[in-house]
Structure formats: C-alpha cells, structure tokens
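Report on the following structure.
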Amino acid sequence: MSNVAKMSKTLVSEHQPEQAKFKSYIIGFIASLALTMSAYFITYYHVSGGRALLFGALSVLALSQFLIQLFFFLHVGREFPPRYKLMITSFMILVVLILVGGSLWIMHSLNGRVMPSTNQMVKYMNSQDNL
Amino acid sequence: MSEISPGLDLAKADQLIERHEKDATTVFGFWVYLMTDCVLFASLFATFAVLRNNTFGGPSGATLFSLPYALAETLALLTSSFTCGLALLAAQAKRKTQTLVWFMITFGLGLTFLVLELSEFHKFVAMGDSWRRSGFLSAYFTLVGTHGLHITIGLLWMVVMMLFIYKRGLNRLSLKRIRMLSMFWHFLDVVWIFIFTIVYLFGALHA
Amino acid sequence: MSHSLISTFGGFLGRLSLKWLPHDPITASGAIMLAAVPIAVALFITYTKRWKWIYREWLTTQDPKRIGIMYIIIAILMGLRGLADVIMVRTQQAVSVGSNHGILSASHFQQVISAHGTIMIFFVAMGLMFGIINLIVPLQIGARDVAFPFLNATGFWLFFAGMALINISLLIGDFSATGWLAYPPLSELKYSPTVGVDYWIWSLEIAGIGSLLAGINFVVTILKKRVKGMKLMKMPLFCWSVLGSMSLVIFAFPILTVTLTLLALDRTLGMHFFTSGHGGNMMMYVNLIWAWGHPEVYILVLPAFGVYSEIAAVFSRKKLFGYVSMVWAIWAIVILSFIVWLHHFFTMGAGSNVNAFFGIMTMIIAVPTGVKLFNWLFTMYKGKLNMKTPLYWLIAFVVVFTIGGMAGVLMAVPPIDFQLHNSLFLVAHFHMMIVSGVLFGYFAGIAYWYPKFLGYRLNERLGRYAFWSWLVGFLLAFIPLYILGFMGATRRLDHYSASLGWQPLFIVAAIGVVFIILGVVLQILQLIVSIWQRNGELKVGHDPWDGRTLEWSLPTPIPAYNFARLPEVSTRDAYWNAKKVKYIDRRPYEDIEMPKNSPLGMVIAGGALIFGFAFVWHIWWLVIVGLLVSVFGLIYRSMDEHTEYTLPASDVKQMEQMRASGGGI
C-alpha cells in the first residue's frame, strides 16, 4: 500500500490545513505593507543623513520584501526533495545578479572612459545644424 | 481528503497520483516560465539603470515622479496580490462564489493600478515628456510599460478564468489554472517591488 | 487618379508596395527559386492527394519524434540557402579586387553575409539541435512523451514562422545589411531606413520565443519525466548536455527578446535606447546582445558535445570515460558561459580591470572544455573502435575544435584581441568552433540515429566520401582566413585593393567552398542512395550499433507511445546492462494517455507570422489581426478540456503482438 501512502503524502503537501496557508498570506501581506511604508517614508522625509545609507536601506527593504513574498505568497522552498523549484530559482537569481551587476560594471567603465558628458554632447549637436 | 478511503483500489490510486503529478509538472513548468520572465525584467532593469541619467536636457525622475502617486499604485497592486491569494484559498476549499468574489476584487484592484499607471503615462506625454524625449524616458516607459503589459495580460486571463469557473465550476483543470494565475499575479507584484524601489524611490533620491 | 489610388493603398498597406519586389537578376532568381520550393511541394502533395495525411500525421502532430524530423528538414533546407549565400560571399571575395567589383553590389553583399550568419545560427544550428533533442531525449529518459507536447509543437511552429519571415524578405523588400547581430547606430532607422533590419528583428523575435518555449519544455521534461529509477546521475550524457543547454536557453533568450524589442522600439516608436543622440547608448546594445550571444554559442555546442559523448562510448565499445567529470564540466560551462560575454567587445573601451576579468574568465572556460576533450580521447583509448562515419566526424571534431579553441584562448588575451578583433582570424576561429563543434556533431548524430528511426543505415562509403570532402574543404576554406586575419583583412569586406596580396588566399578559400559543396552533394546523394538500397544490405535491426542507452531497446519504427511497458532502470547505460541480463518483460500492459493532435500551435504561430510581417511593413490593422489570431488561438485551446485520449491496454497489447509477428524484429 505504499502507493496510497505516497499519494496521501503528496495530497497533504498540497492541501495543508487551510488555516496555515491563510496565515501565511496574512503574514506576507502585513510584512509587505510594513516594508513598503517604511521604504516610502524614509525616502519621502529623507530620514537619516547619508545618501549611501539611504540607498542601502532601500535596497535591504526591497530585498526583504522580495524574499517575504517569495516565501509567503509564492511558497518557494516548501517543496519536498528534489527541490527543483528552489534550484531553478537560485539559478535565476545568480543569472540576474551576473547580468545586472556585470552590465552596470561594464557600462560604468565604458561611460567613464569613452562617453562624452551630456553637456559636451548637446554642445556638439548644437554645432551640427542638421541635427 | 475524500479520495482516500480504506476501500480504494490500487489502480485508482495510481491514476490519481499520476494526474496529481501531471498537474504538479504543469505548475512547475509555469514556474520555469516565470523565472525566464524575471530575466526579461532584469534586462530591462539593467537598461533602465544604465540610461537613468541620460535625460538629454529633459526631466529627470526626481522632477517627474510623484511619490504619493507611486505609493497608491503600489498599495493597489499589493492588496490585489493578497486578495488573489485569498481567491486561491477559496478555490482550494471548493467555494465557487467566494472564489469569484475574490477574483472580482483582485480584478478591480488590478484595473485601478492599470488606470493609475496609464493616466500617469498620459500626463507625462501631454507635458511633452514622452518616450521620444530622452534615453531615460524611453527606458522608463518601456520598463514600467512592460510591467503594465503583463498586468493587462493578467487581467485578460482573469476574465477568461472567471468565465471558466462560472461555466464549468472548480474542477481539476480550473484549480490548476487558478494556481498558475495566482503565481503570475504574485510574480507581477514582486517585480513591482523593484520598480517602486529602483524607478520611483531611487529616482527621488537622485535629485 | 492612379496616383491617389496608390497613396491610399500606401496607407492601407503601410510601407508595402510593388517597388519592393526584387529587380536585380541575382535576387530575382534567388526569390524565384525560393518561391518554387514551397510551390513544388504543395503541387506534389496535391498531385499525390496527400493533404489530409500531411495535416493529420505531420502538421497537427504533437509527437516529438515527428516534430524533430520537421525541425531537421527545415534546418537542412535552410542550410542549403545559407550555403548559397556563402557561395556568393566567397565568389565575391575571390574576384572583387582592384578594378573588378565582383558579382554583388556593396549593399547586396552586406545583406547576403548578414543573412548567412543569421540563417546558419538561428535556423540551421538551432533547427538541427532542437530536431535531435526532440527525437532523442524522450527515448533516452524512458518517457512516452515530453512534458508539454502542445507547447513543444507551438515552439516548432514559431521557429517555422521566423524562418518563413526571413525568407519572405527575399521575395519582397530587402534584408538587414548590418551583420548578423545588427549593431546600432548602423541598425537604427536613421542609417538603415528600409525594412531589412525590421525583417531581421521580427524573424528572430518570433523564432526566439519559439526556442524559449521549447527550452522550457525540455528543462521540465528532463527534470520531471524520467522513468522511475533513472536518477539524474544515471541519465545518458546526451540528456545532461541537453539539460545544460536548455537551462541556458531559458535564461539567455529573454535577454535576446528584450534587446530586439528595444531596437524595434527605437525604430518604430522613435525611442532612444541605442541612438547616437538624445541620450541613447549604443554600447548597451552590444552589451546586451552578447549577454545572450555568448551563452547561445554554448546552447548550440553542448548538445553536440552530448552526441559526441554517446558516439565515443558506443563506437569504442566501452563505457564513457569520466562520466561524473563530464557532468561537472557541463555545469561549469553553463555557469561560466554567463560570465565571459565581454570578450566579444574588448575593444569597445572598458577599463583594464574589466577586460582582465573577462579575459581570465574566458581562459578558465577552456578548462572544462579541455576536460571533455580528454574524456573523449580516453574513452576511445584502448577501445575496440568501430570505424564508421559518426566516429570519423568525432575524430575530425577533436582535431579541428582543438585548433580553433587554441585560437580562441589566444584571443582571450585582451591586447592580442585588439590586434585581431573583427579580422578574418576571428571569422576562422568561430567557424572552426561552430562548424566542427555543432555541425559535425549533428551530422554525426544524424548518421548515428538515422537507422533507429528508419530501419536502415546510411550508405557508409558515400558518407565517408562526404566526410573527407567536407573536412578538406573546410580546412581549405578557413586556414587561409587565419593567415588573412594576420595580414589585416577584416570581416565583411566586399572589395579590397590588389596591392594587398590577399587574392591568392581568398581564391584558396573559395576552392575550399567547392569541396564543401561537393561534400553536401555527396550527402544528398548518400541520402538518395540509402533510400534506394533500404531493403538491401542497409537494412538493420533495432540496435545496429550495439547501443547502450534506452532508445536502442525500442523496436523500429518506434510506436507513437515509445514504450509499451516503461523500462526499469537502475544503472547508467541502462540498455547495455539489460542486454547482459537477458530479462524478458512479462508485466501486463497498461492504459496509455496520449495527447490529441491540434492545429492550434500552427494557428498561434500563423498569427505571429502575420503580426511580424505587418510590423515590418507598418500595416497596423494587420498587426492587430495577427495578434488577435494568436490570442484567440490560445484562449480557444485553453477552453478545451479534452486534449488527451486514452489508448487502452488491450489496444497496446494488440499493436505489440502485431509488431512482433509481422515485423520480425
């Protein structure tokens, strides 16, 4: 009867007691609201002095909200092994970090070295009548 | 669950497991699609980040965006994400009317978000700050617009889904699709967290 | 009167008008030949009254085996077109010296060379790859079907639609003259005002989305549809390589989709992503397209590596050397291939830290590739080599790939790349990688698996002649390009001065093409002769090579449901071990669920084709029509709850018994 046992296991994993799931949505919602509002207020009122600190704080708030929604709304990390969903999500995050981080690094380097400033460009284009 | 009873024969159990695994595979496949969509948005975010200062004499984010307005959009979408989760819970509990009601609320909030976004676009264009104005505005309209396009698709899907539930009830197929739709909707909220932070909040700080 | 009529139509049909039909003799004859192929096929089908059969068995099929064959047929036809392009290119470069300006105008030459690159990568290499994956992966993992048959079929039809669009550009309008990756600002509206670049964009956009869908399907198929007992580490190496490649597809193709869309937005809505004014940044395009483009190279080559791994083991009659290291090498390549893209634009001007980092990463990626090469060599070492064509391709690949790879490591050093960037040295390098790594691999794969599907081998002698013509032609065509690169010849030259002394080497390269053409003719001849002799000496059983993996356990022709009884797997090389035990399967047959045929994948892709064509010509109402066709195709499909049918166990039993008595396999 291992089949029946297996089935009940999979069915149970899909149909946890409703209360538990409802609770996870409530937690996720309230936490997201709190994080959104704090991000909003520290920006709106320019709380704290350092600019770098503000950017850092906003990034941390966004990332926490991302993880909270991933966990409480999208239920990542709650599957049985083999955890393909978790693996593929981690791979996605790695690719995104490489892509965004790499692009910014490369383009920053290029901008500093080969791009004229906007002022230089406007001046140049004004000198070229046909543009 | 009612399917598990002592008198259940093995062939039936096998079939149930097989169907269950098939549905799980479809939902997993949809998750893989969402991951590819994350990379799509990441490319747009990278482009936006690279072009954010290329205002070419036009307005910057700090002069253009209104933070309270963006907050209103955010709250509408966040709440809709929550109500979409409640729709899924109602569907799994086989409560048809409740499911439909939650979906209608979700749809209303999603539509509110879309209208807010489009009127913001309209305002910018009317002021002469359209996507043609500068590299920064091209990137802004495209990043936020791509999200808006996804929202539009989500809303269309929700209409089709509601009709499907209304006509055919909460059968195995509609349950599977509701799971995927709710994943899609939560995913759009996740993307919006980053748009809110990177486009609007960071934009205000760059002033 | 007539003038107003034309202008009205001009509005109604966007930019489209009769003046865009081809006028010069070369394009016109190409267009006529191109149009003749589908017309001839259609006439033949009508004449033999096979439309119904075509529709039922092929156009609406959800069977990956048939979809695989359709991919391969399209890829072969497009290969012939890509070859025709390159014949023009090589002829032009051999004769267009000094006062002679050759057979093509400069702009036509650029279109031809752009079409060659685009077609060979997107419609030949990708087509062969997806073809072989569709054919083999479900069989090797012991599955009756892929995870998403409808998605898979739609992916194929989108690939088809992209292919159709790029060929329509030959019939009406022109094609992109901006190289296979269409760098801006040249590809912006200001400098490329005709429809050529738009054809390029939408053809790749549509085919790219098809590839993405196929990629999702195969990632999930391999992860979720393996037969019970086949743990990941017991999969055939081909499946591992496909899993690696498809993981790259799903994360690289969205980048391509975005990049193409942004260029399209620049061109149609007047945005400023990559323009030279208004705060655009064309370097971002180069950055993004290569963030897709480099993984793309490994997308193409990994499954071919998998094919070589299968062939090395089977034709050496040994198990594959270093299976575990092979798997890790694949994943090292997968990750590293996302961290090397800048080496395509070392010269754009990034700082030395950036260049050094990406240079070092590029050199590191040679390490896992080297691991794989040594593993193939050690597999063959002391094996009882069965010297058939697949093994010939493998050995040629090992040699050519090593030469090309060393040239690649050389160019990974940024200061050296500054000398060689955009030169023919680079052209020689990447052709050596892609032709030997990808094309030879799929040729080997076709020769290896052909008998599995058709019940007869390909003629060995002609195959060997074709191989030698290809190899000699290939080396003659590309070794001179290394030398020309050192002499300073840049890529995409339609004319050069006689005093440079390049002409003799270009002529040698052109002679190489003649040998390649001979190779292709011999391959076609091989196919015809093999069909002719199929009931004679070429006829084989279901396992002609003494195979090791599950596909060889199946009867030929393979039934639609692949496995009447799902195999039991507990080891690597599952069939090899099963053969040793001589186990007779007496388990009862079971009901099998099969996907029903559906034309809707074709409808959705048809909508995409209309959409793409209309977008190219700015026929906005038709854009909406195309979109609606696709969207309603999708919604219509979603309303159908009965997409599968059940084949009862009794029918399976009957079919298997008929096969056993009649087939005598």
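Before moving on, here are some points about what is shown:
- Subset of the stretch C:611-649 [in contact (Cβ under 8 Å) with a residue 60 or more places away in the chain and closer than 30 Å to C:Gly541 by Cβ]: C:Leu647, C:Ala649
- Test: A:Ser38 is among the small types (Gly, Ala, Ser), surrounded by fewer than 18 Cβ atoms within 10 Å (Cβ to Cβ) and within 10 Å of chain B (Cβ to nearest Cβ): no
The rows are residues; the columns are (1) assigned to a helix (DSSP H, G or I); (2) surrounded by fewer than 19 Cβ atoms within 10 Å (Cβ to Cβ); (3) modelled with pLDDT of 95 or more; (4) in contact with an Asp or Glu (Cβ under 6 Å, 6 or more places away or on another chain).
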{"residue": "B:Met158", "(1), (2), (3), (4)": "yes, no, yes, no"}
{"residue": "B:Lys176", "(1), (2), (3), (4)": "yes, yes, no, yes"}
{"residue": "B:Ile195", "(1), (2), (3), (4)": "yes, no, yes, no"}
{"residue": "B:Phe202", "(1), (2), (3), (4)": "yes, no, no, no"}
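- Subset of the stretch C:307-321 (residues that are among the small types (Gly, Ala, Ser) and farther than 15 Å from C:Arg572 by Cα): C:Ala312, C:Ser316
- Considering only residues in the stretch B:161-174 that are in a helix (DSSP H, G or I) and within 12 Å of chain C (Cβ to nearest Cβ), the one that is surrounded by the fewest Cβ atoms within 10 Å (Cβ to Cβ) turns out to be B:Lys167.
- One residue stands out in the stretch B:43-57 among those that are more than 8 Å from chain C (Cβ to nearest Cβ) and not aromatic (Phe, Trp, Tyr): the one that is surrounded by the fewest Cβ atoms within 10 Å (Cβ to Cβ), namely B:Gly57.
- Every test in (1) more than 9 Å from chain B (Cβ to nearest Cβ); (2) of a type outside the set (Gly, Ala, Ser); (3) outside any helix (DSSP H, G or I) is passed by A:Leu86 save one, and that test is (3).
- Put simply, of C:Ile45, C:Ile74, C:Ile26 the only residue that is closer than 28 Å to C:Gly117 by Cα and more than 25 Å from the chain's Cα centre (by Cα) is C:Ile26.
- Restricting C:Gly79, C:Gly68, C:Gly98 to residues that are touching a Gly at 6+ places or on another chain (Cβ under 7 Å) and not aromatic (Phe, Trp, Tyr) narrows the list to C:Gly68.
- Here C:Met594 passes the criteria (1) outside any loop (DSSP other than H, G, I, E, B); (2) farther than 30 Å from C:Asp198 by Cα; (3) away from chain B (no Cβ under 14 Å); (4) in contact (Cβ under 8 Å) with a residue 60 or more places away in the chain except the one numbered (3).
- Yes/no for B:Phe141 being in contact (Cβ under 8 Å) with a residue 12 or more places away in the chain, at the interface with chain C (Cβ under 9 Å from one of its Cβ atoms) and farther than 20 Å from C:Gly270 by Cα: no
- Test result for C:Ile255, over 30 Å from C:Ala312 (Cα atoms), facing chain B (nearest Cβ under 10 Å) and surrounded by 24 or more Cβ atoms within 10 Å (Cβ to Cβ): yes
- Candidates C:Ile592, C:Ile624: the one that is surrounded by 14 or more Cβ atoms within 10 Å (Cβ to Cβ), under 34 Å from the mean Cα position of the chain (by Cα) and among the β-branched types (Val, Ile, Thr) is C:Ile592.
The values are calculated or read from the model by the stated rules, or taken from the named source; none is laboratory data. Fair warning: this is a prediction, and the values are worked out from it, not measured in the lab. Here Cβ is always computed from backbone atoms with ideal geometry, including for glycine, and neighbour counts include all displayed protein chains.
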